[in-house]
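Please read the structure below before turning to the comments.
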Amino acid sequence: MASTKQTPSSGAHPKEGPRTRGMRTHSKLSDFLFPLFVSTYRRRKQSSSEAANPSLQVLLHTQTPPPGYTFVPKGNVYITRNSRLQTHQSNKPVYTVEHSKTKRTLGICVPLDIHARVLDLAADTSEARGLAVAQKDARHARHAKAALERGFPYIPAQDMRAILNHAFLKGSGRVGRSGTVGSDERKVELAAEAHIRHVHTGYEGLLDSGMDREDARKLVWDRVKEVKRMWKEGV
C-alpha cells in the first residue's frame, strides 16, 4: 500500500529545531512583556511628583546635568530647600537626581547662578541660623524635662539626665525625637520604659545569653512596671 505524504496545512508550523522554538517563544514573551512594561511605566509616571509638578524632572546619577545646571547633593536642608524654592520662583525646572538602579534620591540639579546665590546666603546667615537652632534645642530640652517631671515626679536625677541625654538627643532617631510617636506624654512613657529596661533590669544579660528580643522584653516587663510605679508614686 502506497503511503501518502502529508503536507502541512495552512497555519501549521513546520518541524522546528530548538533554536527556532526558542526564538518563537522569545517573540511571544516579548509581545507579552512589552505592553506590561509600558503600562507599568505609565502608571509610575502618572503617580510620580512630575505629574503633579511639571517643572520637576528626573535625572539618573549617571547622566550629566543639563547645560547651566549643577548637582546639589542631599544633606544640607537649608541649601537644598532654598535652591529648589528659588529655581521654582524663576520658573525653571528642578531636576531630581536618582540612583539608576536603586531609584534612591541623591539630590537635585538647579541652575548654577541660583546655587551660587544660595551658597552665599547660607554663609551670610550661618551664625544666626546656628543660634536659632541652639535656642530651639534648648527649648526642646526644657520641654522634655518638664514632661518627664510631670509623668514621673519621683524619678531620680541621674535617671532623668540619662533619659534626656539618650532618648531626647537631637539626631538620635530615638523615641524622644520621633515624629511618628503621638503625644509628649507617650514619648516620655516609652523613653522611661526603654531606660528602665536597659538599666534597671536584666534585659541586656538576657540578650547576651541569646534570648529573643521580644521574649526578653516580656520577661522583664513586670520589673519595668514596678520601677515606673515607684517613679510615679514614690513608693
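Nothing in this text is a laboratory measurement; each read-out follows from the coordinates by a stated rule. Since this is a predicted model, take the numbers as computed values, not measurements. All Cβ positions, glycine included, derive from the backbone under ideal geometry; neighbour counts span all protein chains shown.
What number comes out for the charge environment of Ile108, summing +1 per Lys or Arg and -1 per Asp or Glu over other residues with Cβ under 11 Å away?
On the way: positive: Lys74, Arg81, Arg84; negative: Glu98.
Cβ neighbours under 11 Å give a net charge of +2.
Relative to the present Cα-Cα distance, how much length would full extension add between Lys145 and Lys225 at 0.36 nm per residue of separation? Intermediate results must be reported in sequence, preceding the final value.
On the way: separation 80, 0.36 × 80 = 28.80 nm, distance 2.08 nm.
The Lys145-Lys225 span can extend by a further 26.7 nm.
Just want the ordering: Lys225, Lys101, from fewest to most Cβ atoms lying within 10 Å of their own Cβ. Walk me through the numbers on the way to the answer.
On the way: Lys225 12, Lys101 9.
With the sparsest Cβ surroundings first, the list reads Lys101, Lys225.
Evaluate the charge dipole of segment 56-126 about its Cα centre and quote only its size in Debye, nearest 20, assuming +1 on the Cβ of each Lys and Arg and -1 on the Cβ of each Asp and Glu.
Magnitude of the dipole: close to 340 debye.
As a footprinting exposure proxy, order Ser83, Ser126 by other Cβ within 10 Å, with the fewest listed first. Could you put the intermediate results ahead of the total?
Working: Ser83 25, Ser126 11.
Exposure proxy ranking, most exposed first: Ser126, Ser83.
At a Förster distance of 22 Å, what's the computed FRET efficiency of Ser90 paired with Leu119, Cβ-Cβ distance as r, to 0.05? Could you put the intermediate results ahead of the total?
Values: r = 16 Å, r/R0 = 0.74.
Using R0 = 22 Å, I get an efficiency of 0.85.
Just want the ordering: Val97, Val235, Val58, from fewest to most Cβ atoms lying within 10 Å of their own Cβ. Can you show the working numbers first?
Numbers: Val97 21, Val235 6, Val58 15.
Ascending Cβ contact count within 10 Å gives the list Val235, Val58, Val97.
If R0 is 22 Å, what FRET efficiency do you get for Gln57 and Tyr78 from their C-beta distance, rounded to 0.05?
Details: r = 23 Å, r/R0 = 1.05.
E between Gln57 and Tyr78, to the nearest 0.05, is 0.45.
Could you give the length gained on full extension between Gln158 and Thr70, defined as 0.36 nm per residue of separation minus the Cα-Cα distance, in nm? Kindly include the intermediate steps, with their values, before the conclusion.
Numbers: separation 88, 0.36 × 88 = 31.68 nm, distance 5.00 nm.
Going from the current span to full extension adds 26.7 nm.
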